[in-house]
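Since the structure comes first, as structure tokens, the remarks are kept for the end.
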Amino acid sequence: MQYGMEDLAGGDIMQGLYSIALISRALEQPTTIIPFKTINPRAINTVLALELPPVEPSDYPILTTSSSQPRSLADYCVSTHLFPAAFPRCPSDAWVRRPRPEPQEDADAKKRRIAREVECLSLVKEAQEQGRDTRPPRREVLWMVANRYVRELRPARGTGLTLVFLHGIGAFKYLILHGDSGLLNETILGDIFDNADYARDVANFMLYYLPDRTAGANALPVNFPRVSAAMADARRLRGIASRTIVMIGHSMGAHSLCRISILFSSLVLVEAAVYPTYLEHEDPYRRFEAGCLGRRWIWDTRQSAVDSIHRSAYFKPWDPEILRLYCQHAIVKTADGRFRLKTIPYLEALMLFERRSVYETWELLNEIDSRIWLHWIWGGRSERTGGPTIQAQTSYRRLGSCSNDYHDELRHNLPEEAPSIVVAEGVCGAPATDIANFLIRHYGRLPESKL
């Protein structure tokens, strides 16, 4: 989770963007609504209630990783923080680490092994989604890590913003199974995942651990304490009055935002993993899951890891600077001196097996509070989100207070392939377009000399 970019001055938001020739266009509202089969979706407040985790700030684990200062955000200070994840977790047993493949395993043997794992995990996931999993919720306390980016308070010409960024599956940041959070939780994670827990994690942070007011750099403790019950109740009813919050998510991160019943100012949904039920037929063989399970994730040296990642067809379309950052942050040294990805592919794959949540979230889009502006960003070559016809259906599933940007040439991993579309000005050597211009339209003041 990326929490921050706090106190962006409304009149100063990412100036200098107006000479950019945007390559996006907007999808128009469909004239015909495609009929869909209801999945009888669960309301998010009925999935699993948030409980007080049995921990005090003194019980927090030691955070062994430290934040690094991005070159492109020199005027911001970055700090890393820790807090409990949503408690309890979805029903599951503890996951069992898979043995390393035999050195002599050939391509056919690897394919058969992965097919067996896909079949086994599919059966477990289908039992969960069909209500046949009778195991109790897991009550181990898991942990979330968040980076906070803040610049010292300065006179502003407009209202400041708090931006909260949520990544998708397989990214290297701080989702519960991924990155530094994943390293903290690795020994106690479950053998199956309900993506509704991702939404519960975000709601848990916003309701109980997000500091009430902005503060200067180094003004907050590493371990975030829980806010009072009275403050949490007020947030649940009226939102967080002391902040103007924009939530920005990619893929499953965007999916989770659509399921949170908190009054934010706006949601920016990048290639959101929310699908109508008539896309069920698109991937009957779970090839994304199989591809993930077959990914190499451990090497003898860091350089061999970097070289292997650069040779991978999966990473070929990525922007070079994003790939450099991935190699810098996603690889960790093991106790025996080898190097591995922070996110074990098996644990990453657990999230890819999700089916019910992505369909029920799409169906519930029209119930998102009409006061929350929805801005969608789509890649026209995305296999995951159905292409422009389905993306248009999704963009206007909830009518009113909505907008979108559509890019013919981009795919699902849009933030990694074209970071200038979504990231802050200056990252990867290019100014932002879609998100920055959305923020300017809704919260900033357009400098007339730049138009």
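The values are calculated or read from the model by the stated rules, or taken from the named source; none is laboratory data. Model, not experiment: these values are computed from the prediction. Virtual Cβ from ideal backbone geometry, glycine too; neighbours counted across all protein chains shown.
Name every residue in region 425-451 that is modelled with pLDDT under 60 and either assigned to a helix (DSSP H, G or I) or buried (at least 21 other Cβ atoms within 10 Å of the Cβ) (or both), in order of residue number.
To start, the set of residues in region 425-451 that are modelled with pLDDT under 60 comprises 425-432, 445-451.
Val427, Cys428, Gly429, Ala432, Glu448, Ser449, Lys450 - these are the residues of region 425-451 that are modelled with pLDDT under 60 and either assigned to a helix (DSSP H, G or I) or buried (at least 21 other Cβ atoms within 10 Å of the Cβ) (or both).
Quick check on my filter: what residues within region 30-65 are among the polar types (S, T, N, Q) and at pLDDT below 90?
Asn45, Thr46, Ser58, Thr64, Thr65
Please go through region 259-293 and give me each residue that is among the hydroxyl-bearing types (Ser, Thr, Tyr), touching a strand residue (DSSP E or B) at 6+ places or on another chain (Cβ under 9 Å) and at pLDDT below 90, ordered by number.
Result: no residue meets the conditions.
Only one of these is buried (at least 21 other Cβ atoms within 10 Å of the Cβ), in a helix (DSSP H, G or I) and aromatic (Phe, Trp, Tyr): Trp362, Trp318. Name it.
Values: Trp318 fails: in a helix (DSSP H, G or I).
Selected residue: Trp362, the only one of Trp362, Trp318 that is buried (at least 21 other Cβ atoms within 10 Å of the Cβ), in a helix (DSSP H, G or I) and aromatic (Phe, Trp, Tyr).
From (1) of a type in the set (S, T, N, Q); (2) at pLDDT 50 or above; (3) on the phi < 0 side of the Ramachandran plot, pick out the condition that doesn't hold for Ser401.
(3)
For the structure I just gave you, tell me whether Arg296 is outside any helix (DSSP H, G or I) and modelled with pLDDT of 90 or more. Full working, then the answer.
Numbers: outside any helix (DSSP H, G or I): yes; modelled with pLDDT of 90 or more: yes.
The answer is yes for Arg296.
Can you tell me which residues in region 79-122 are of a type in the set (A, V, I, L, M) and either under 28 Å from Leu184 (Cα atoms) or surrounded by 14 or more Cβ atoms within 10 Å (Cβ to Cβ) (or both)?
Listed by number, the residues that qualify are Leu82, Ala85, Ala86, Ala94, Val96, Ile114, Ala115, Val118, Leu121.
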